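Below is one structure, written out as structure tokens; the observations come after it.
The values are calculated or read from the model by the stated rules, or taken from the named source; none is laboratory data. The shown structure was predicted, so the numbers you read here are calculated from the model rather than taken from an experiment. A quick note on method: Cβ atoms are made from the backbone with ideal geometry, for glycine too, and the neighbour counts reach across all protein chains shown. To get the accessible areas, we keep the full protein, side chains included, count just its heavy atoms, and leave off ligands, DNA and RNA. Shrake-Rupley method; radii C 1.70, N 1.55, O 1.52, S 1.80 Å.
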Amino acid sequence: QASPPARSFQLDYEEDCFRKDGAPFRYISGSIHYARVPRHAWRDRLLKMYMSGLNAVQVYVPWNYHELLPGVYDFAGDRDVEAFLDLTAELGLLVILRPGPYICAEWEMGGLPAWLLGKPDIVLRSSDPAYLAAVDSWLHILLPKVKPRLYQNGGNIISVQVENEYGSYYACDYEYLRHLLGSFRALLGSEVLLFTTDSARAEDLRCGTLQGLYATVDFGPDSNMTEAFGAQRQVEPKGPLVNSEYYTGWLDYWGEPHASTSWVQVARGLEDMLQLGASVNMQYMFHGGTNFAYWSGADFKGQYKPVTTSYDYDAPLSEAGDPTEKLFAIRTVISKFQPLPVGPMPPATPKYTYGLVALQKYADLLDALDVLCPSGPIRSQFPLTFEAIKQAHGFVVYRTQLPRDVLDPATLGAPPHSICDRGYVMLQKEYRGTLERDGQTTLPVTGRAGDTLDVLLENMGRISFGANVSDFKGLLGNLSLDSSPLSNWLIYPLAIDTAIQQGWPHGALPKSSSGGKSGPAFYTGTFETPGIAWDTFVKFPGWSKGQLWINGFNLGRYWPRRGPQQTLFVPGSVLHVGRPNNITVLELEGAPPAPLLLFLDQPLFNKTLSCSTAPTE
């Protein structure tokens, strides 16, 4: 037998293992999503993973995080995936790369760019030519960055996953998987180990696997390990046993209790798998991080279920990157199978209680349309979706006029499933209530002919899993007044983040605002740090729902009224030392009489107040 090349990573079907440079090898890996961790914290998190005894990390690449518009790419700053990969190599970690093109990950639209929906009848994750053309042009940008970092080429990437749990998708399109296999081989070469991951259900393994891709399974501590690996053996009778996603925790949805998984159970399941000689990746998650800005996805389980901003996941490393009891239990298990790195676990990052910060109202959102939509509105007989007006995330105002006097209350209503995902209704600039997907879809209104009706639509995150990934946003159907459709709309796509990154509204004089404390409005304030910029958590006492920016950085959605999450994580890297920190809040439903934020040194994840829409004041 010819001796293997100096650097190789291969499957051994005789001994049922991986071989690295010819020697039997097994990985004990953990998942980290660089897009959920600020760049300044990458080294800290990866070092803690290394010191836990892991010899590899598993990494997703979210396509929509990098190709913001067709052919417009961003790999700078927090999006510098090459710098992240180089850091893993520097710290002595191998990489299992999952470049998609679909990744799920409870990430907005499962990593697929929303602009794909500009062709409304596109069939995502299939051999639809329009979809494949976009995928191929993306892979031609991404995979050449990956190729020099493959293990065979002197790098640290030992294997690459093709697609993601494709077997659970309705299309079951083998032509699509074959196309991807061809593209990955053409761009990465014939040596690299390519694999798939699916649940241990026979049906999923039937549609998700393909000759030429090594099939692995995923399951958590609740599952029967013997059955799950038995399912892998049905499709891969020989070769290493691999659990590509061993669930150490679980995610949170708005309006449901905070999820947690016992460390005892997680450690026991890990030990059982390692005892069998299996390779394991701890995902979902080893370190979860945060869904900053608008990046959180959603599930559809009988109804639309948006994911919280915190992606803490009850993972071994907390949202802020702190080692937990679960981490030490896992580390103890790993130490029974391979030596741990010498030295102490790096400590939790320091946190600071910056205390109370008073805010003041700057303006109602409707009084700032000139700044937020400088190009002016789009005119349309009927409402257009976000995708039709090329607005991926955030907010859009839909404006029309009452066609007649409405002296007795009439019903403003939307057809089923047409409010995507929340609509804040104002009549003559006065907030009247909220319409919600799979929730309240009618409101009583009164007014005069010609009165201005505004509905601010919010995208709460596109569905990231299942058949509903084509999740259009905005008003998908026509609003009607007592069943007669409203027409002649002005549609304002709002570029709120652009304005805030350019310094607005700090430095502008507060506008004399109409109305009181309810309805969509901006609030501003500043605070100074006492000479240090440490991580902190911000609480929203008495606030309802909205979005927070500090120094132009979008920290994500807050929704204490629905819970469970009560605080947002603020990485120290977004704070300034020696000059004021600018806070901007967009409150959507109603701020407290004395608008304050409270900065704490620990998070509050677990408080669900109510699942019903709170009454409007």
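Brief remarks on what is shown
- Placing R0 at 41 angstrom, the Cβ-Cβ distance between Gln501 and Glu14 gives a FRET efficiency of 0.10 after rounding to 0.05.
- Extent along the principal axes, Cα only, for the stretch 45-128: 48, 24, 19 Å, with the longest axis given first.
- Rg/Rh (Cα only; Kirkwood hydrodynamic radius) as it applies to the stretch 77-181: 0.99
- Percent of alpha-carbon pairs separated by more than 26 Å within the stretch 448-566: 41 percent
- Space enclosed by the convex hull of the alpha-carbon atoms of the stretch 9-336, per residue, Å³: 129 Å³
- Computed log10 I(q)/I(0) for the stretch 375-494 at 0.23 Å⁻¹: -1.41, from the Debye equation with unit scatterers placed on every C-alpha and solvent omitted.
- The spread of Cα positions in the chain, taken along each principal axis and listed from longest to shortest, comes to 88, 55, 40 Å.
- Once the convex hull of all Cα atoms in the stretch 1-102 is built, its volume per residue stands at 136 Å³.
- Amide H within-cut-off set for Trp489, under 5 Å, with H built and near neighbours excluded: Ser380, Gln381, Phe382
- With a cut-off of 19 Å on the backbone N, the residues of the stretch 563-582 near the modelled label site 7 Å out from Glu90 along Cα-Cβ are 573.
- Of the solvent-accessible surface of the stretch 461-546, computed with a 1.4 Å probe over protein heavy atoms with every protein chain present, carbon and sulfur atoms account for 51 percent.
- Net lengthening on full extension, Ser573/Ser127 (0.36 nm per residue, minus Cα-Cα): 156.3 nm
- With bins 5 Å wide beginning at 0, the percent of Cα pairs of the stretch 157-234 falling in each bin runs 3, 16, 27, 22, 17, 10, 4, 1.
- Packing, as the average of other Cβ atoms within 10 Å across residues, places the peptides 34-41, 78-85 in the order 34-41, 78-85, highest first.
- Across Lys119/Lys305; Lys473/Lys511; Lys147/Lys301; Lys145/Lys351; Lys20/Lys238, pairs whose alpha-carbon gap is larger than 28 Å: Lys473/Lys511; Lys147/Lys301; Lys145/Lys351
- Multiplying the residue separation of Thr442 and Asn468 by 0.36 nm and subtracting their alpha-carbon distance yields 6.9 nm.
- The chain, helix-only ellipticity at 222 nm - DSSP H runs n ≥ 4, -39,500 (n - 2.57), divided by all residues, nearest 500: -5000 deg cm²/dmol
- Working ranking of peptides 467-480, 276-289 by packing, defined as the average number of other Cβ atoms within 10 Å per residue, highest first, is 276-289, 467-480.
- Amide H partners (placed H, <5 Å) of Phe195, local residues excluded: Val160, Gln161, Val162, Tyr214
- Label-point separation in nm, Val72 to Gln338, each point 7 Å along Cα→Cβ: 4.3 nm
- Prolate/oblate/rounded call for the stretch 363-405, Cα gyration tensor, a/c under 1.5 rounded: oblate
- Applying the Kirkwood pairwise sum to the alpha-carbon positions of the stretch 516-569 produces a hydrodynamic radius of 12.7 angstrom.
- Quarter of the Cα convex hull surface for the stretch 240-382, i.e. its orientation-mean projected area (nm²): 15.8 nm²
- Computed over protein heavy atoms with a 1.4 Å probe, the accessible surface of the chain works out to 36 Å² per residue.
- Put simply, the C-alpha atoms of the stretch 170-329 give a gyration tensor, and the ellipsoid matching it has half-axes of 28, 21, 16 Å, longest first.
- Here the gap between Glu203 and Lys119, fully extended at 0.36 nm per residue and compared with their Cα-Cα distance, gives a gain of 27.2 nm.
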